[in-house]
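Trainee: This is the structure I want to talk about, given as structure tokens.
The values are calculated or read from the model by the stated rules, or taken from the named source; none is laboratory data. Since the model is a prediction, treat every value here as computed from it, not as a measurement. Please note: Cβ atoms are built from the backbone with ideal geometry, for glycine as well, and neighbour counts cover all protein chains shown.
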Amino acid sequence: MDLRQMEYLVALADERQFTRAAALTGVSQSGLSAAIRNLEEELGSSLFTRTTRRVEPTEAGLALLPHARSMLAQAAAARDAVVQATREVAGSLHVGAEQCLGIVDVAALLERFHRRYPLVEVHFAQAGSHDLVERVRSGDLDVAFVATTEHLGSLSQTVLGSEPLVLVCAPEHPLAADARLSWADLVDEDFVDFDPTWGARPVNDALCAAHGAHRNVRFTVNDVHTLLDLVDRGLGVALVPRHVADKPQAARLAMVTLPDGEAPRWVVSVVTGGRDQAPAAPRLLELVADGLPVAS
């Protein structure tokens, strides 16, 4: 067993899907599958049951999982200890993020950064992506994790991942019975959506407008869980990134796929201001490049 195999195991157990696990670990799907198969052969036990739609850990896989997480955590702590001892960094770092990005667990990333660079004073702000971009541009933030590709101008952007948009609705809603939507189904529907400063809102507005699907946004929110609660109560439907539909709070909701090839992907990036950023900012970006902690 090696650390790379443990990383693949944890990603696959968390994502329950080879495609996303491969994307998150930066390996091809066939490479991930081969590594898991080699690990199973080495241990003499099946670690996952595979179907055409989902992957589930077996009892053996579940038994190995906490040890795999522990190995990865210990390896990260060891690397951090070496860096801390040899590369002292001080000063301050101002970081922002939109809520529930899914592609990256910003809190876990900041925890690791603090462990590696304890002398850096970290300041954190949560806001909509468009507000965060403006704060990076003004120099108020050094780094921001956002879900927008708009209005970046000269800012430095690194794409971390993307997801499709899906529709969620209450199980009693007429659209819940549809396996796949047509745009005509959304005409004059009542919607719950995020504030226009959030990355998903302009994407949703442009998407529906492009297909002539006039919609009534009755509820505007600044919180993912409030959005899911309002949808669950039958007060509207919502277009959300796939990981939001997979949250435990959305377990009762129906998820409906948008028409093939016509839904833009929701893109998560890290943006920086370039020359005037804090000296500690490149250190945070090094951790991002080293591997993203993924939000559950």
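Trainee: Quick one: which of Leu285, Leu258 is among the aliphatic types (A, V, I, L, M) and either at pLDDT 90 or above or under 22 Å from Leu109 (Cα atoms) (or both)? Outline the logic, then answer.
Mentor: Working: Leu258 fails: either at pLDDT 90 or above or under 22 Å from Leu109 (Cα atoms) (or both).
Just a single option satisfies the conditions, and that option is Leu285.
Trainee: Same structure again: Assuming Glu88 fulfils every condition listed in (1) at pLDDT below 90; (2) charged (D, E, K, R); (3) closer than 30 Å to Thr272 by Cα; (4) part of a helix (DSSP H, G or I) apart from one, which condition is it?
Mentor: Of (1) at pLDDT below 90; (2) charged (D, E, K, R); (3) closer than 30 Å to Thr272 by Cα; (4) part of a helix (DSSP H, G or I), only one is false for Glu88: (4).
Trainee: Right, next: Please verify whether the stretch 264-279 includes one or more residues that are at pLDDT 85 or above, surrounded by 18 or more Cβ atoms within 10 Å (Cβ to Cβ), more than 20 Å from Asp131 (Cβ to Cβ) and in contact with a strand residue (DSSP E or B) (Cβ under 7 Å, 6 or more places away or on another chain).
Mentor: no
Yes/no matrix, rows are residues, columns are (1) surrounded by fewer than 20 Cβ atoms within 10 Å (Cβ to Cβ); (2) outside the structural domain of Gly273 (by TED's automatic domain parsing):
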residue	(1), (2)
Asp14	yes, yes
Ala21	no, yes
Glu41	yes, yes
Ser70	yes, yes
Gln99	yes, no
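Trainee: If the requirement is being touching a Pro at 6+ places or on another chain (Cβ under 7 Å), crowded, with 18+ Cβ neighbours inside 10 Å and of a type in the set (A, V, I, L, M, F, W, C), which of these qualifies: Leu132, Leu93, Leu109? Working first, answer last.
Mentor: On the way: Leu132 fails: touching a Pro at 6+ places or on another chain (Cβ under 7 Å); Leu93 fails: touching a Pro at 6+ places or on another chain (Cβ under 7 Å).
Answer to the check: Leu109.
Trainee: Still on this structure, I have one more. Can you tell me which of Gly212, Gly234 is surrounded by fewer than 16 Cβ atoms within 10 Å (Cβ to Cβ), in contact with an Asp or Glu (Cβ under 9 Å, 6 or more places away or on another chain), outside any helix (DSSP H, G or I) and at positive phi?
Mentor: Working: Gly212 fails: in contact with an Asp or Glu (Cβ under 9 Å, 6 or more places away or on another chain).
Result of the check over Gly212, Gly234: Gly234.
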